[in-house]
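Peer 1: Quick one: this structure, given as structure tokens, is what I'll be asking you about.
The values are calculated or read from the model by the stated rules, or taken from the named source; none is laboratory data. Quick caveat, the model's predicted, so the values are computed rather than measured. Neighbour counts run over all protein chains shown; Cβ positions are idealised from the backbone, glycine included. Keep in mind that these areas ignore ligands, DNA and RNA; they rest on the heavy atoms of the full protein, side chains included. Shrake-Rupley method; radii C 1.70, N 1.55, O 1.52, S 1.80 Å.
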Amino acid sequence: KSGKQVYFNNPMWPGEAHSLKVEKVLFQEMSKYQEVLVFESSAYGRVLVLDGILQLTEKDEFAYQEMIAHLPLCSIESPKHVLVVGGGDGGVLREICRHSSVELIDICEIDQMVIDVSKKFFPELAIGFEDPRVRLHVGDAVKFLKQAPEGKYDAIIVDSSDPVGPAQELVEKPFFKNISRALKPGGVLCNMAESMWLHTHLINDIIHICREIFKGSVHYAWASVPTYPSGVIGFLLCSTEGPSVDFVHPINPIEKLRGAPEFRRELKFYNTEVVVYSVLTLHTIHEAAFALPSFVKREVAAL
Ligand code: AAT
């Protein structure tokens with residue numbers, strides 16, 4: 001719609017664009033905050049795009065949603081209160097709901113249109129909203145976190161869009177301060193943290209801010225998601241002062257939930273348990289996510 005020039009001018013990834021063949025546009029409207037577009041692609045199923053930026057596709061959404069939810073939740077003993085920032089499609093809720101220890105899931109999404117569109121076009125994700133533990137707050141997460149009670153959450157998951165448009169303030173220091181205030185001692189944050197190929201400056205800035213604020217630990221992890229720019233996406237994991245959290249060696253393996261009703265849907269990407277066959281040991285996606293390429297390691301270590 002916007003023409004080739006605009007595609008190559010996105011400030012988040014200037015000079016490059018990834019294209020998917022559109023079979024049919026299913027929805028296209030301006031909300032109060034952004035342009036919301038849903039189309040049927042020929043290779044990746046249905047696709048959700050906000051302000052020209054791809055947010056998810058049916059074919060690979062599980063990699064992102066499973067990782068951003070289970071990396072933090074499997075790192076702590078028995079998560080009870082969880083907050084999701086953004087995530088209006090419901091996919092992250094669907095994943096959090098697998099954890100039977102969880103009693104309450106607050107979600108603060110700014111755009112009602114994203115929620116409505118997801119319920120209509122992405123029922124496999126929006127199913128997350130149906131769990132009785134979910135409490136939906138439609139509004140700006142910056143304001144929500146300013147008012148959140150101190151020490152309420154075991155985990156906060158920031159599933160927000162890139163820092164252009166309504167998510168601008170979600171990478172700034174006051175926002176992270178409010179997150180750490182809203183977490184319990186030893187509580188964890190998992191923040192969508194862009195691509196190590198494209199955004200090392202932005203990642204460094206966020207890590208720098210978080211190292212100052214989160215007195216527990218700060219770690220960077222990543223996963224392959226083919227339709228995100230450069231094909232990977234990162235996650236910043238932080239914990240507040242208190243009981244120490246070893247993100248790399250999770251203490252709450254997801255596999256222990258096998259057989260629980262929440263586990264009816266098989267996980268498609270994430271795993272925590274090392275599997276040993278007679279001659280072969282299969283290591284885990286959780287641990288592997290923290291192994292960084294040398295150039296990233298050097299930059300992160302330099303902070
Ligand atoms: N799970 C899909 C992936 C997303 S969706 C990000 C959501 O964050 C959007 O629904 C958007 O409306 C919401 N959002 C943006 N700003 C705010 C805000 N200030 N408060 C609350 N919600 C907000 C992310 C995909 C990552 C793409 C990586 N390139």
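Peer 1: Share of Cα-Cα pairs in the stretch 197-299 beyond 17 Å, in percent?
Peer 2: Tail of the P(r) past 17 Å holds 64 percent of the pairs.
Peer 1: Charges only on Cβ, +1 for Lys and Arg, -1 for Asp and Glu: so what's the dipole of the stretch 137-186 about the Cα centre, in debye to the nearest 20?
Peer 2: Result for the stretch 137-186 is approximately 280 debye, rounded to the nearest 20.
Peer 1: Oh, and also: Please list GLU172, GLU66, GLU150 in order of solvent-accessible area, largest first, computed with a 1.4 Å probe with all protein chains present.
Peer 2: If we order GLU172, GLU66, GLU150 from most to least accessible, we get GLU150, GLU172, GLU66.
Peer 1: Let me ask something else. In Å, the Kirkwood hydrodynamic radius of the stretch 81-210 over pairs of distinct alpha carbons?
Peer 2: One over the average 1/r among Cα pairs gives 15.0 Å for the stretch 81-210.
Peer 1: Under 20 Å from the Cα of LYS24, which lysines turn up, not counting those fewer than eight places away in the same chain?
Peer 2: LYS1, LYS4, LYS59, LYS119, LYS120
Peer 1: With +1 assigned to the C-beta of every Lys and Arg and -1 to the C-beta of every Asp and Glu, and no other charges, what is the dipole magnitude of the chain about the Cα centre in debye, to the nearest 20?
Peer 2: 160 debye
Peer 1: Another question about this same structure. Which of the lysines could a cross-linker bridge to LYS177, judged by Cα under 21 Å and excluding same-chain residues fewer than eight apart?
Peer 2: LYS177 reaches LYS143, LYS146, LYS152, LYS215.
Peer 1: Can you tell me which of GLU109, GLU95, GLU23 moves the most in a GNM of the chain? Springs connect C-alpha atoms under 10 Å apart.
Peer 2: Looking only at GLU109, GLU95, GLU23, the largest GNM fluctuation is found for GLU23.
Peer 1: Along the stretch 141-147, what does the Karplus equation 6.51 cos²θ - 1.76 cosθ + 1.60 (θ = phi - 60°) give for ³J(HN,Hα), rounded to whole Hz, x for Gly and Pro?
Peer 2: Along the stretch 141-147, the couplings run 5, 4, 5, 4, 6, 4, 9 Hz.
Peer 1: Excluding residues fewer than 8 places away in the same chain, name every one of the lysines whose C-alpha is closer than 18 Å to that of LYS256.
Peer 2: Reachable lysines: LYS80, LYS268.
Peer 1: To continue, here is another question. Share of the stretch 151-244's accessible area from carbon and sulfur, percent, 1.4 Å?
Peer 2: Exposed carbon and sulfur together represent 55 percent of the surface.
Peer 1: Let me ask another. In the stretch 1-83, what percent of the accessible surface is made up of carbon and sulfur (1.4 Å probe, ligands and nucleic acids excluded)?
Peer 2: Carbon and sulfur: 52 percent of the exposed surface of the stretch 1-83.
Peer 1: Divide the volume of the convex hull of the Cα atoms of the stretch 208-268 by its number of residues and quote the answer in cubic angstrom per residue.
Peer 2: It is 125 Å³ per residue.
Peer 1: Moving on to the next point. In whole angstrom, how far apart do the alpha carbon centroids of the stretch 193-247 and the stretch 257-303 sit?
Peer 2: For the stretch 193-247 versus the stretch 257-303, the Cα centre distance is 16 Å.
Peer 1: Determine the dipole magnitude for the stretch 88-245: charges of +1 sit on the beta-carbon of Lys and Arg, -1 on that of Asp and Glu, nothing else is charged, the reference point is the Cα centre, and the result goes in debye to the nearest 20.
Peer 2: In total the dipole reaches around 380 debye.
Peer 1: Name the residue from PRO123, VAL142, TYR153 whose Cα lies farthest towards the positive end of the charge dipole of the stretch 115-154, charges +1 on Cβ of Lys and Arg and -1 on Cβ of Asp and Glu.
Peer 2: Of PRO123, VAL142, TYR153, it is VAL142.
Peer 1: Given the options ARG211, ARG135, ARG258, state which has the largest fluctuation in a GNM of the chain using a 10 Å cut-off (strictly under) for Cα springs.
Peer 2: ARG258
Peer 1: Roughly how many nanometres apart are two label points built 7 Å out from the Cα toward the Cβ at PHE263 and LEU20?
Peer 2: It is 3.1 nm.
Peer 1: Let me test this: with uniform point scatterers at the alpha carbons of the stretch 1-61, what is the Debye-based log₁₀ I(q)/I(0) at q = 0.14, 0.15, 0.27 1/Å?
Peer 2: -0.40, -0.46, -1.27
Peer 1: Now a separate question. Apply the Karplus parameterisation 6.51 cos²θ - 1.76 cosθ + 1.60, with θ equal to phi minus 60°, to every residue of the stretch 63-68 and state each ³J(HN,Hα) to the nearest whole Hz, in sequence, with x for glycine and proline.
Peer 2: 4, 5, 5, 5, 5, 5
Peer 1: Here's a follow-up. Based on the inverse mean of 1/r over its pairs of different Cα atoms, what is the Kirkwood hydrodynamic radius of the stretch 69-156, in Å?
Peer 2: 13.1 Å
Peer 1: If I histogram all Cα-Cα distances within the chain using bins 10 Å wide from 0, what percent of pairs lands in each bin?
Peer 2: 6, 28, 37, 22, 5, 0
Peer 1: I've got another one for you. When ligands, DNA and RNA are left out and all protein chains stay put, how many square angstrom of accessible area per residue does the chain have with a 1.4 Å probe?
Peer 2: 46 Å²
Peer 1: Additional query: With point charges of +1 on the Cβ of Lys and Arg and -1 on the Cβ of Asp and Glu, referenced to the Cα centre of the stretch 15-174, which listed residue (VAL85, SER41, VAL22) lies farthest in the positive direction of the dipole?
Peer 2: Most positive-ward Cα: VAL85.
Peer 1: So which residue, out of SER230, SER278, SER180, gets the largest mean-square fluctuation from a GNM of the chain using Cα contacts under 10 Å as springs?
Peer 2: Result: SER278 has the largest fluctuation of those listed.
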